[in-house]
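Colleague: One structure follows; several queries about it will come next.
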Amino acid sequence: MLIDFERVEKIKKTLLEKYPHNIAKSELNFQNNFQLIVAVVLSAQCTDKRVNLITPQLFQKFPTPQKMAKADFSEVRSLISSCNLFQNKSKYLINLSNQLLENFSGEVPLNQKDLMSLSGVGQKTANVVLIEGGGANLMAVDTHVFRVSHRLELSSAKTPEKTESDLSELFRTDLGQLHQAFVLFGRYICKAREPDCGNCFFSDLCNFRKNDLIK
């Protein structure tokens with residue numbers, strides 16, 4: 001894919017201006033890195049809004065990995081039952097809490113390799129934790145980032161991992177802020193089913209609607 005680097009720089013500058021640091025933040029509610037990783041695990045194939053309805057009771061009952069590690073599976077499952085994939089996620093939360101105690105003295109590690117050794121934590125989840133918990137210069141590709149980056153023709157990759165690599169190569173700096181900007185832009189403007197093209201600030205750079213109309 002031929003890259004127009006002037007266009008890429010314009011997209012980057014616009015995203016950073018429209019979503020400054022005080023706006024480009026996760027919409028998940030959490031108070032510490034343990035709550036962060038739990039919330040991010042729950043957010044897989046589930047909306048942040050739904051996760052934020054679930055976590056207050058969950059964190060009240062199991063505020064630490066020590067508490068979560070000893071949790072009864074059925075109780076965790078009941079507390080997160082309105083979340084997609086709640087059966088698997090219940091196992092993940094208990095298992096990763098035990099792993100944190102056994103391997104990391106109860107602390108959430110802030111490097112990708114160690115994070116990905118935890119139950120239920122893939123590359124995207126690890127990167128989100130590193131961005132939010134450690135301010136890392138990383139790109140994390142969820143469904144919003146994948147959709148927006150492909151509509152803006154920044155990547156034609158078939159997988160989130162390759163898309164992450166493409167975006168990291170293109171932008172290089174401010175990746176954490178750009179990740180959140182992509183998420184918010186995709187969540188509220190460049191939506192999956194009914195994109196709000198009338199309020200899009202990339203109308204002069206995006207061929208998605210033009211192509212759609214041609215079809």
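The values are calculated or read from the model by the stated rules, or taken from the named source; none is laboratory data. These numbers were taken from a predicted model, which means no experiment stands behind them. When we count neighbours, we look across all protein chains shown, and the Cβ atoms used for this are built from the backbone with ideal geometry, even at glycine. Surface areas here come from the heavy atoms of the whole protein model, side chains and all, with no ligands, DNA or RNA. Shrake-Rupley method; radii C 1.70, N 1.55, O 1.52, S 1.80 Å.
Colleague: Roughly how many debye, to the nearest 20, is the charge dipole of the stretch 1-50 about its Cα centre, given +1 on each Lys and Arg Cβ, -1 on each Asp and Glu Cβ, and no other charges? Intermediate values should be presented prior to the final figure.
Modeller: Values: 8 positive and 6 negative charges, 23 e Å.
Magnitude of the dipole: close to 120 debye.
Colleague: Taking 35 Å as R0, compute the FRET efficiency from the Cβ-Cβ separation of Lys49 and Asp4 and round it to 0.05.
Modeller: 0.45
Colleague: Kindly express, to the nearest 10 degrees and within the range 0 to 90, the angle between helix 48-61's C-alpha long axis and the longest C-alpha principal axis of the chain.
Modeller: The angle comes out near 20 degrees.
Colleague: Another question, then. Mind sorting out which of (i) 18.4, 58; (ii) 16.3, 46; (iii) 17.3, 55 is the real Rg and Dmax of the Cα atoms in Å computed from the coordinates?
Modeller: This structure yields the entry labelled (i).
Colleague: I need the phi-derived Karplus couplings for the stretch 109-114: 6.51 cos²θ - 1.76 cosθ + 1.60, θ = phi - 60°, integer Hz, Gly and Pro marked x.
Modeller: Result, rounded to whole Hz: x, 10, 9, 4, 4, 5.
Colleague: Something else now. Could you report the chain's accessible area per residue, 1.4 Å probe, as an integer in Å²? Walk me through the intermediate numbers first.
Modeller: On the way: 11370 Å² over 215 residues.
Here the per-residue accessible area is 53 Å².
Colleague: Further, regarding this structure: Measure off, as a whole percent, the carbon and sulfur share of the 1.4 Å-probe accessible area of the chain, all protein chains present. Could the numbers behind the result be given before it?
Modeller: Numbers: 5510 of 11370 Å².
Carbon plus sulfur share of accessible area: 49 percent.
Colleague: Could you size up the charge dipole of the chain around its Cα centre, putting +1 on the beta carbon of Lys and Arg and -1 on that of Asp and Glu, and report it in debye to the nearest 20? Don't skip to the end; give the middle numbers.
Modeller: Numbers: 27 positive and 23 negative charges, 113 e Å.
That gives a dipole near 540 debye.
Colleague: Tell me the trypsin sites (Lys or Arg not before Pro) within the stretch 1-74 that lie in a loop according to DSSP and have at most 16 other beta-carbon atoms within 10 Å. Walk me through the numbers on the way to the answer.
Modeller: Numbers: sites: Arg7, Lys10, Lys12, Lys13, Lys18, Lys25, Lys49, Arg50, Lys61, Lys67, Lys70; in loops: Lys25, Lys70.
In loop regions of the stretch 1-74 (DSSP not H, G, I, E or B), the sparsely surrounded trypsin sites (Lys or Arg not before Pro) are Lys25, Lys70.
Colleague: Oh, and also: Under the Karplus relation 6.51 cos²θ - 1.76 cosθ + 1.60, θ = phi - 60°, what is the ordered set of whole-Hz ³J(HN,Hα) values for the stretch 84-100, x standing for Gly and Pro?
Modeller: Per-residue couplings from phi come out as 4, 6, 5, 4, 5, 5, 4, 5, 4, 5, 5, 5, 5, 5, 5, 5, 4 Hz.
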